[in-house]
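*Asks:* Following this message is one structure expressed as structure tokens.
Every number in this text was worked out from the coordinates using simple rules, so none of it is lab data. Quick caveat, the model's predicted, so the values are computed rather than measured. Reconstructed Cβ throughout: ideal geometry from the backbone, glycine too, with neighbour counts over all protein chains shown.
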Amino acid sequence: MTESKKWIYMFEEVSAAEEYAGSWEGVRGLLGGKGSGLADMTRAGVPVPPGFTVTTEACNEFRKTGKFPEGQWDQELAALKVVEEQTGKEFGDAKNPLLVSCRSGAKFSMPGMMNTILNIGLNDEVVEGLSKLTGNPRFAWDSYRRLVEMFGTTVFNLDDETFEHPMAEYKAGKGYKLDTEMTAEDWKALVVSFKEVFKKHVGFDFPQDVNKQLELATKAVFESWMGKKAIDYRKATNISDDLGTAVNIVTMVFGNMGDDSGTGVAFTRNPSTGEKKMMGEYLLNAQGEDVVAGIRNADPIEHLGTRMPEAYNQFMDITAKLEKHYKDMQDVEFTIERGKLWMLQTRNGKRTAKSAIKIAVDMVNEGMISKDEAILRVTTDNVDTLLHPQFDEKALKEAEKNGTYLAKGVNASPGAAVGQIYFDADKAEKMAKEGKQDTIMVRPFTKPDDVHGMIASRGVLTSEGGATSHAAVVARQFGIPCVVGATAVKIDLEKRVMKVGDKVIQEGEWISVDGTTGRVYAGKMPTSAPSIEEQTELLTLLTWADEIAARPDIRVLPTGEKSRGLMVWANADYPKDARRARAYGAVGIGLCRTEHMFFETERLPIVQRMILAETVEERKIALDELLPSQRKDFDGLFEAMNGYPVIIRLIDPPLHEFMPDEEKLFEEVVTMRVLKQTEGLGAKEKLLNSIKAMHESNPMMGLRGVRLSIYMPQIVEMQVRAIFEAAADCTLRGIVVKPEIMIPLTGTVNELKWIQPRLVRIAKTVTEEKKISFSYKFGTMIEIPRAAVTAAEIAEYAEFFSFGTNDLTQMTFGYSRDDAERNFLVQYVAEGILPKNPFQTLDREGVGRLMQMSINDGRKTRPDLEVGICGEHGGDPDSIEWCHMIGNNYVSCSPFRVPIARLAAAHSALKYSGRKIAEDK
Ligand code: PEP
Ligand code: MG
């Protein structure tokens with residue numbers, strides 16, 4: 001007879017399993033997470049109740065044939081004999097019974113999705129024996145009724161109701177409310193009726209043969225792998241159906257054998273704060289599920305030290321060893337049976353963001369893990385969560401139930417905001433500043449002249465627009481929680497109300513906006529807010545992240561030269577944003593959108609006068625008025641970024657954005673005409689005509705960016721003069737300036753050929769006038785596919801490229817960045833036509849390929865071409881990884897996302913350490 005395959009591994013046989021499976025990962029696949037954990041603990045000398053594991057391979061054979069594979073059952077019985085020897089007890093022997101549990105356990109944890117049966121080995125005879133042996137008949141009969149019940153519900157799939165009903169009736173008959181009121185006699189009586197129920201529904205008696213019990217239980221665990229719950233869970237979590245589950249047969253230990261017994265759960269460090277202190281609970285004379293179910297108030301674990309010092313000291317010793325062994329915080333379950341400690345489970349504990357960061361940093365300081373490991377353990381979501389005020393988890397759950405949940409939109413800028421709603425920027429600002437209220441600005445969408453209202457508000461909600469809409473971009477830049485495109489919210493600006501279904505919320509009422517999830521709630525939800533300066537562990541971790549990304553050999557250029565990883569710069573328009581960017585660790589400004597400076601209340605009229613000027617001279621007069629304030633802006637930026645590069649983008653948006661709203665003005669003119677108000681009417685009509693003349697059907701593809709600079713060069717000439725005068729003044733004050741002038745929306749090199757020399761001439765003139773020199777660059781944004789395709793030519797002029805991936809995505813897909821999300825994009829993602837929203841996560845195959853091509857072609861012309869990204873993708877971890885792979889020098893994002901980007905840059909550096917920059921295919 002050929003020897004059959006090995007289907008069973010005793011917990012002691014972990015080395016044999018390792019040899020067979022080839023790796024620890026393989027052992028986890030073969031024995032499952034729980035089985036491999038129990039075996040590994042056994043090897044480490046931790047007291048684990050004796051037992052063995054039936055492999056996932058046996059499960060997979062069973063699934064094919066519906067039968068145990070050849071040899072499995074014999075091996076299972078033989079393994080049971082070994083357990084009998086190890087425990088000195090006998091399976092089915094009334095005098096000294098061995099009871100076992102039969103527990104599922106797949107490679108990846110699938111909590112509660114598969115079957116587990118406890119107390120196997122009890123029958124009519126054994127229960128009497130157990131009762132005598134323990135002197136605790138109540139415990140023995142309760143255990144037996146649990147077995148009959150579990151057999152019915154898990155092995156034979158009867159409804160829980162089948163047993164709950166007779167039990168409720170029994171308790172009612174006795175006038176009991178709680179299970180704890182049941183006596184031994186009561187449980188014994190219930191066993192009789194449970195067995196009757198079992199027979200009635202299953203068709204035969206509850207099996208008295210303990211081997212039969214074990215056989216049926218093993219089969220039931222195998223079958224539960226293909227149960228609906230398990231299949232659904234695997235689908236949702238991407239676990240393969242082919243893995244199968246292992247079955248762990250473990251000696252039962254009881255924490256309910258009297259006051260020298262107990263059971264508990266604990267974390268080796270605080271899972272919510274990360275504090276290095278055991279946190280856990282235990283109950284004396286109880287079973288595991290009693291602690292979890294909270295039937296009785298559990299005691300803090302420290303108290304065990306006085307109640308059972310020996311077991312407690314052993315427990316502390318073992319858990320410290322487990323933590324060292326797994327090099328991570330452990331979540332353990334234990335039982336003390338008559339003074340003897342047993343460990344039933346250990347696994348890496350789930351934790352909050354705060355705790356994840358503290359534990360990672362502490363473990364490096366304790367010499368347990370490396371800095372690289374610490375960086376890999378913390379996710380960018382952890383950092384994101386930590387830095388934004390969050391709503392209380394419980395309150396969120398409650399809100400879903402109590403009807404305060406209103407609507408869901410695009411989660412445009414994370415964080416929690418609570419405030420009173422106002423439907424226009426002026427009112428939101430007024431109520432915030434003068435009324436000292438927490439406000440939320442609610443608009444269908446926002447425009448540049450709404451920015452003051454947004455900045456003054458705690459949060460922003462729009463019913464239209466997507467992840468790169470104006471509201472989203474500005475909110476992220478300023479770290480304001482924001483939800484956009486919440487289409488279920490109907491805003492009535494006339495009546496000053498917003499409606500969601502039949503719920504009506506008036507101006508001035510409270511709402512809560514969760515920018516992290518995109519959800520909106522009525523009323524005030526409780527929040528908590530952190531600040532980066534207080535996050536000492538996070539600051540330490542990010543310093544390590546910077547060190548990793550700065551390793552000089554982390555990337556290999558196509559030429560074979562070694563290079564560092566990504567730097568993180570920030571998008572900042574004002575000195576105070578730049579200072580914040582520095583505090584968050586940015587080492588450059590990658591985008592200063594100069595037009596935002598034009599929107600300031602006192603400047604806007606001058607800007608409008610400049611736009612409406614009928615002669616160049618008139619325009620120059622207005623621009624001369626603007627120059628000092630622009631110079632002051634830049635001066636502040638350079639000062640805040642002393643020693644670091646500052647990229648200033650010349651004016652980009654179409655001019656109509658600086659003008660009053662055409663529709664509103666039209667209404668005013670009509671009203672004046674009807675009311676025959678002639679004073680000022682002529683001027684208004686003239687203004688209206690000018691605005692009409694500026695109208696474009698497709699303004700995003702119209703007169704903007706470099707086209708506007710060529711059409712009306714005086715504006716950018718003023719801007720360049722202001723930049724260089726400010727840079728010169730700063731230099732004279734001892735500040736190190738590194739200005740980089742960025743020309744937006746280039747589509748052909750001829751545009752640069754036309755405009756750049758004029759601007760360079762101004763730069764030279766100013767530096768000569770001021771008799772000063774400093775280094776500067778002229779470069780361009782790559783936002784148009786044609787620019788990407790002709791990058792080799794563009795790099796003849798541009799000294800740097802910065803990918804404006806908001807526009808580049810818009811132009812490559814041909815999707816409007818302002819409308820797509822509210823129309824078809826959400827459906828595209830839901831239907832799988834697009835894997836993700838390309839305005840949030842860079843489309844590597846299309847937009848990403850264009851970027852890659854630009855870098856390679858551009859650097860062929862200009863090997864030291866500096867390359868960055870300043871679109872919204874610069875703060876998105878997946879997009880940052882792509883930027884690392886294709887050879888960007890830096891990514892630039894909102895100051896609030898800088899910490900996330902620093903961590904993402906380090907993650908990419910570690911993941912692709914030493915790899916060649918992906919060359920164009
Ligand atoms: C871009 O297009 O990606 C960009 C940064 O410019 P803006 O968002 O200002 O158009
Ligand atoms: Mg752009």
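*Asks:* Around L493, which amide H atoms from residues at least 5 apart in sequence, or from another chain, sit under 5 Å from its own amide H, with H modelled in the peptide plane?
*Replies:* For L493, whose amide H was placed from the backbone, there are no distant partners under 5 Å.
*Asks:* Within straight cross-link reach of K664, meaning Cα distance under 17 Å, which aspartates and glutamates are found once same-chain residues fewer than 8 apart are removed?
*Replies:* Counting by Cα, and skipping residues close in sequence, K664 has these aspartates and glutamates nearby: D424, D426, D449, D450, D492, E494, E685.
*Asks:* Sorting F666, F91 on the 10 Å Cβ count, fewest up front, what's the list?
*Replies:* F666, F91
*Asks:* Suppose every K and R has +1 on its Cβ and every D and E has -1 on its Cβ; what is the size of the dipole of region 729-877 about the Cα centre, in Debye to the nearest 20?
*Replies:* So the dipole magnitude of region 729-877 works out to roughly 600 debye.
*Asks:* Additional query: Per-residue ellipticity at 222 nm for the chain, helices alone: DSSP H runs ≥ 4 residues times -39500 (n - 2.57), over residue total, nearest 500 deg cm²/dmol?
*Replies:* -14500 deg cm²/dmol
*Asks:* Among L133, S193, M167, pick out the residue whose Cα is farthest towards the positive end of the charge dipole of region 119-202, where Lys and Arg carry +1 and Asp and Glu carry -1 on C-beta, about the Cα centre.
*Replies:* Sorting the options by dipole projection puts first L133.
*Asks:* Using +1 at the Cβ of each Lys and Arg and -1 at the Cβ of each Asp and Glu in region 274-421, identify which of T346, L376, L396 lies farthest towards the dipole's positive end.
*Replies:* The residue sitting most towards the positive pole is L376.
*Asks:* Go through region 145-162 residue by residue and turn each phi into a ³J(HN,Hα) via Karplus (6.51, -1.76, 1.60, θ = phi - 60°); whole Hz please, and just put x for glycine and proline.
*Replies:* 5, 5, 5, 4, 5, 5, 4, x, 7, 8, 7, 10, 6, 6, 5, 4, 3, 3
*Asks:* Arrange the following residues from fewest to most other Cβ atoms within 10 Å of their Cβ: V14, V760.
*Replies:* Sorted ascending by nearby Cβ count, the order is V760, V14.
*Asks:* Right, something else. Can you give me the C-alpha center-to-center distance between region 849-921 and region 785-821, rounded to a whole angstrom?
*Replies:* 15 Å
*Asks:* Next question, about the same structure. What is the percent of Cα-Cα separations in region 106-244 that go past 18 Å?
*Replies:* Percent of Cα pairs beyond 18 Å in region 106-244: 60.
*Asks:* Can I ask one more? In what order do D492, D438 fall by count of nearby beta-carbon atoms within 10 Å, going from fewest to most?
*Replies:* Neighbour counts put them in this order, fewest first: D492, D438.
*Asks:* If a/c stays under 1.5 just call it rounded; otherwise compare a/b with b/c (prolate if a/b is bigger, oblate if not). Do that for region 206-351, with a ≥ b ≥ c from the square roots of the Cα gyration tensor eigenvalues.
*Replies:* Cα axes put region 206-351 in the oblate bin.
*Asks:* Compute from the Cα atoms of region 692-764 the Rg and the Dmax, the latter being the longest Cα-Cα distance, and quote both in angstrom.
*Replies:* Rg, Dmax (Cα atoms, Å): 14.9, 49.
*Asks:* Note down the magnitude of the dipole of the chain about its Cα centre, charges +1 on Lys and Arg C-beta and -1 on Asp and Glu C-beta and zero elsewhere, to the nearest 20 debye.
*Replies:* With only Lys, Arg, Asp and Glu charged at Cβ, the dipole is about 1420 debye.
*Asks:* Right, something else. Can you flag which of K6/K324; K276/K327; K188/K229; K397/K524; K562/K911 are past 22 Å Cα-Cα?
*Replies:* Beyond 22 Å: K6/K324; K188/K229.
*Asks:* Another question, then. Just to check I understand the Karplus step: with θ = phi - 60° and J = 6.51 cos²θ - 1.76 cosθ + 1.60, what whole-Hz values come out for region 443-455, glycine and proline as x?
*Replies:* 9, x, 7, 10, 10, x, 7, 9, 4, 4, x, 5, 4
*Asks:* Then there's this: Could you tell me whether region 379-498 comes out rounded, prolate or oblate from its Cα gyration tensor? Rule is a ≥ b ≥ c as square roots of the eigenvalues, rounded for a/c under 1.5, then prolate if a/b exceeds b/c, otherwise oblate.
*Replies:* Judged from the Cα gyration tensor, region 379-498 comes out rounded (a/c under 1.5).
*Asks:* Along Cα→Cβ, 7 Å out, is where each label goes; now give me the distance between the ones at E614 and N211 in nm to one decimal.
*Replies:* According to this spin-label approximation, the distance is 11.0 nm.
*Asks:* Below 11 angstrom from the Cβ of L77, what's the summed charge of the other residues (Lys, Arg +1; Asp, Glu -1)?
*Replies:* Local net charge: -3.
*Asks:* Let me have the relative contact order for the chain, percent, based on Cα pairs under 8 Å that are six or more residues apart.
*Replies:* The normalised contact order for the chain reaches 9 percent.
*Asks:* Turning to a different aspect of this structure: Please give me the summed charge of the neighbours of V587: other residues whose Cβ is under 10 Å from its Cβ, Lys and Arg +1, Asp and Glu -1.
*Replies:* Combined, the nearby Lys, Arg, Asp and Glu give +1.
*Asks:* Still on this structure: Under a plain spin-label model, where a point goes 7 Å from the Cα along Cα-to-Cβ, how far apart in nm are K324 and A168?
*Replies:* Each label point lies 7 Å from its Cα, and together they span 5.3 nm.
*Asks:* Name the residues whose placed amide hydrogens come within less than 5 Å of the amide hydrogen of R551, ignoring near sequence neighbours (fewer than 5 apart) on the same chain.
*Replies:* It is G565, by chain and number.
*Asks:* For region 862-915, take the convex hull of the Cα atoms, compute a quarter of its surface area, and give me that in nm², please.
*Replies:* 3.8 nm²
*Asks:* What ³J(HN,Hα) values, in whole Hz, does the Karplus curve 6.51 cos²θ - 1.76 cosθ + 1.60 give for region 622-634 when θ = phi - 60°, with x put for Gly and Pro?
*Replies:* Karplus-based 3J(HN,Hα) across region 622-634 equals 5, 5, 4, 5, 7, 3, x, 6, 4, 4, 5, 4, 5 Hz.
*Asks:* In the structure displayed, which of K401/K503; K394/K430; K738/K770 lie more than 25 Å apart, Cα to Cα?
*Replies:* From K401/K503; K394/K430; K738/K770, over 25 Å: K394/K430.
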